[in-house]
Amino acid sequence: MSEENGSTAAKGTPGPLFWSAIALRLVLVMGALAAVLFLVSGRWDWTMAWIYVGLMIVGGATNAGLTFRRNPLLLRERARPPADAKAWDRWLVRGVAIYGPLAVYVTAALDQRFRWTVPLPAALPWFGLGLLLAGYVLSSWALAVNPFFSAVVRIQRDRGHRVIAAGPYRLVRHPGYLGGLLAHLAAPLVLESAWAWIPSLMTGALFVVRTALEDRTLWAELEGYAAYAGRVRRRLLPGIW
């Protein structure tokens, strides 16, 4: 989830066929997630996994709706990244959005099957749900105020890209990444797996690397970003970095 810090005239608004494709993609992704969790674990009575999948469906639909409201063209970009996306991000985005989460889900499901983790305190999964919801709210807030919240890192010169300093962008320069990081780190808690922290923390490191590289790109290529960074000094973690 890139959040390149930008109004644009939304030409070529997606039509019914495009929306059908978006809906089908959401169904397929959520179906694959459910298949990994329930088939690998061998359990259909895994309550927290059902709750997690349900929240992912709500989050995905909310994300698509907010993207359409702010800039419908970004929906096309999410389906097919443009040629001017940074080459290094083509690999990082797969790590934080596909391979990292998949590793977490497989590990958590295997943990359920083979009982590697001793039973966790009953409150921890619910704390994880709170953390997950906080991450979704923060990411959705950033998406709602930033019409340039692209899925990939690029300077959107074709849309009059400009700095966004409203909403959560007053607190940190990359609130979308912070929300995504919180939601990702919450997954092992919700899915009741201590072992899933291993791929989760590795993927969290990719979030930090991606934030640093995108921030460097914005400093170098987006007019006004240096002045904004002088006012909002933290990239990802308030009071820390």
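Descriptive notes on the structure:
- Residue in the stretch 87-106 that is at pLDDT below 90, over 12 Å from Pro199 (Cβ atoms) and in a loop (DSSP other than H, G, I, E, B) present: no
- Residue pairs whose Cβ atoms lie under 6 Å apart, sitting 6 or more positions apart in sequence or on different chains, and linking a residue in the stretch 22-50 that is closer than 16 Å to Leu191 by Cα and part of a helix (DSSP H, G or I) to a partner that is among the aromatic types (Phe, Trp, Tyr) and at pLDDT 90 or above, are Val36/Tyr105; Leu37/Tyr105; Phe38/Trp44.
- A single entry from Thr211, Thr217 fulfils the requirement of being in a helix (DSSP H, G or I), in contact with a Lys or Arg (Cβ under 7 Å, 6 or more places away or on another chain) and farther than 11 Å from His174 by Cα: Thr217.
- Members of the stretch 28-67 found to be surrounded by fewer than 16 Cβ atoms within 10 Å (Cβ to Cβ) and of a type in the set (Gly, Ala, Ser), listed by number: Gly31, Ala32, Ala35, Gly42, Gly54, Ala61, Gly65
- Residue that is surrounded by the most Cβ atoms within 10 Å (Cβ to Cβ) [pool: residues in the stretch 77-119 that are within 30 Å of Asp45 (Cα to Cα) and small (Gly, Ala, Ser)]: Ala108
- Condition check for Gly180: under 25 Å from Ala87 (Cβ atoms), crowded, with 20+ Cβ neighbours inside 10 Å and in contact with a helix residue (DSSP H, G or I) (Cβ under 7 Å, 6 or more places away or on another chain): yes
- Matching residues, the stretch 214-233, being out of contact with any Phe, Trp or Tyr (no Cβ under 6 Å at 6 or more places or on another chain), closer than 30 Å to Leu102 by Cβ and not hydroxyl-bearing (Ser, Thr, Tyr): Glu214, Asp215, Arg216
- Within the set Asp84, Asp89, the sole residue that is in contact with a helix residue (DSSP H, G or I) (Cβ under 8 Å, 6 or more places away or on another chain), over 27 Å from Ala35 (Cβ atoms) and of a type in the set (D, E, K, R) turns out to be Asp89.
- From the options Leu133, Leu55, residue that is assigned to a helix (DSSP H, G or I), touching a helix residue (DSSP H, G or I) at 6+ places or on another chain (Cβ under 7 Å) and of a type outside the set (S, T, N, Q): Leu55
- Which numbered condition Tyr99 fails, given (1) of a type in the set (Ser, Thr, Tyr); (2) farther than 21 Å from Leu236 by Cα; (3) in contact with a helix residue (DSSP H, G or I) (Cβ under 7 Å, 6 or more places away or on another chain): (3)
The values are calculated or read from the model by the stated rules, or taken from the named source; none is laboratory data. This one's a predicted model, so the numbers in the text were calculated from it and none came from an experiment. Note that each Cβ is placed from the backbone with ideal geometry, even for glycine, and that neighbours are counted across all protein chains shown.
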